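Report on the following structure.
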Amino acid sequence: MIKSVLKTLVVNPLRSLREGYLFNYHKILLKLKHVKYTSLPRCNGKLIIYNDGECIFGKNLIFNNSIHSNLVGLYKPCTIKVNKNAKLVLNDNSGFSGVSIYCSTNIEIGQFVTCGGNVSIWDTDFHPLNFRDRRQNLSNKINSAPIVIGHDVFIGANSIILKGVTVGCRSIIGAGSVVSKNIPEDEIWAGNPARFIKMANNETKEKILMKIN
């Protein structure tokens, strides 16, 4: 009884104040960072964005940014970096927990994509591969390539999606995987480097397409 009263008098108002603060914080953040969005994302904790290119958010996105928002064991808030002349598109109804997205060319993430805790999606090597180029910090020698993640993809916790990768719709990536090559639709891949495990769906692709249409 006492706990119920305390929750009504103290906890609920404090939660409402925090939710209101975070709503206004992210509304201002997205405006300052020139993010185009269909609807304001739901953010549990503070999202971090650095946008020098084009950043587009669809509707009903979720970002879990704190330890309490996802008890899988997040290392950090969700962080998004879009470089100059780069483009990032996050489509409708996708969710992220402690994700790291670094976009130096082009990244597109489809609808209903689920990213487990601490997933990293990087379309660049960050540094030149040749040691002489690294010594001189030659940014023009850094390899980068676009990433495309299809609709309804599930990416397991602590996985890394590397440059130039396309992940087909409805595919699943096992936790802790390092994805360096394309994954076709409706397949399960896992490991380092990630490899084919089995088909993700018992239904044929024709039946799946019939359901969608």
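Tabulated values for the structure
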| quantity | calculated |
| --- | --- |
| Verdict on Cys115 being buried (at least 17 other Cβ atoms within 10 Å of the Cβ), under 18 Å from His151 (Cβ atoms) and in contact with a strand residue (DSSP E or B) (Cβ under 7 Å, 6 or more places away or on another chain) | yes |
| Qualifying position, being modelled with pLDDT of 95 or more and more than 10 Å from the chain's Cα centre (by Cα), among Leu88, Leu71 | Leu88 |
| Test: residue in region 90-99 that is outside any strand (DSSP E or B), touching a residue at least 40 places away in the same chain (Cβ under 8 Å) and in contact with a Leu (Cβ under 8 Å, 6 or more places away or on another chain) | yes |
| Pairs with Cβ under 6 Å, 6+ apart, first in region 105-122 and on the phi > 0 side of the Ramachandran plot, second buried (at least 23 other Cβ atoms within 10 Å of the Cβ) and part of a loop (DSSP other than H, G, I, E, B) | Asn118/Gly98 |
| Residue among Phe63, Phe57 that alone is surrounded by 20 or more Cβ atoms within 10 Å (Cβ to Cβ), in contact with a helix residue (DSSP H, G or I) (Cβ under 8 Å, 6 or more places away or on another chain) and at negative phi | Phe57 |
| Set Lys163, Lys181: member being crowded, with 19+ Cβ neighbours inside 10 Å and in a loop (DSSP other than H, G, I, E, B) | Lys163 |
| Qualifying positions in region 28-54 - crowded, with 19+ Cβ neighbours inside 10 Å and under 15 Å from Ser104 (Cα atoms) | Ile49, Asn51 |
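The values are calculated or read from the model by the stated rules, or taken from the named source; none is laboratory data. Keep in mind it's a predicted model, so treat the numbers as computed, not measured. When we count neighbours, we look across all protein chains shown, and the Cβ atoms used for this are built from the backbone with ideal geometry, even at glycine.
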